[in-house]
Amino acid sequence: MRKRITRWCTLLTADAYPERFTSSEPAGAIVTVRRLGGRAERFRLTDIPLYGPHRGTFAAEPADYL
């Protein structure tokens, strides 16, 4: 069975670029995001809503670098 998309998240990559993605994981989960250059970054999902141009999404904070 496929997981259902539950929310949009916005993260700020190491080079300060905002990126939106969907996740079905709960707040507190750590997700891995692979960038075009092949670099992988890990982010912890939060339940903190964002406003402004990213309204309607939740923040994802950096966990560490792989």
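Annotations for the structure displayed:
- Labels on offer are (i) 8.2; (ii) 4.9; (iii) 6.0, and the one holding mean projected area of the Cα convex hull in nm² computed from this structure is (ii).
- Cβ-Cβ FRET estimate between Glu25 and Asp64, R0 fixed at 22 Å, reported to 0.05: 0.80
- Rounded to the nearest 20 debye, the dipole magnitude of the chain is 340 debye, with +1 charges on Lys and Arg beta carbons, -1 on Asp and Glu beta carbons, and the Cα centre as origin.
- A 1.4 Å probe run over the chain, with the rest of the protein chains in place, finds 73 Å² accessible per residue.
- Rounded to the nearest Hz, the phi-derived 3J(HN,Hα) couplings of segment 40-48 under the Karplus curve 6.51 cos²θ - 1.76 cosθ + 1.60 (θ = phi - 60°) are 10, 10, 9, 10, 9, 6, 10, 10, 8, where x marks glycine and proline.
- As a length-normalised measure over Cα pairs under 8 Å and 6 or more apart, the relative contact order of the chain settles at 31 percent.
- Potential extension, Tyr51-Trp8 segment - 0.36 nm per residue separation minus Cα distance: 14.2 nm
- Amide H contacts of Arg7 (H built 1.01 Å from N, under 5 Å, at least 5 apart or other chain): Ser23
The values are calculated or read from the model by the stated rules, or taken from the named source; none is laboratory data. Since the model is a prediction, treat every value here as computed from it, not as a measurement. Positions of Cβ are generated from backbone atoms using ideal geometry, with glycine treated the same way; all protein chains shown enter the neighbour counts. Remember, those area values only see protein heavy atoms, side chains included, never the ligands or the DNA or RNA. Shrake-Rupley method; radii C 1.70, N 1.55, O 1.52, S 1.80 Å.
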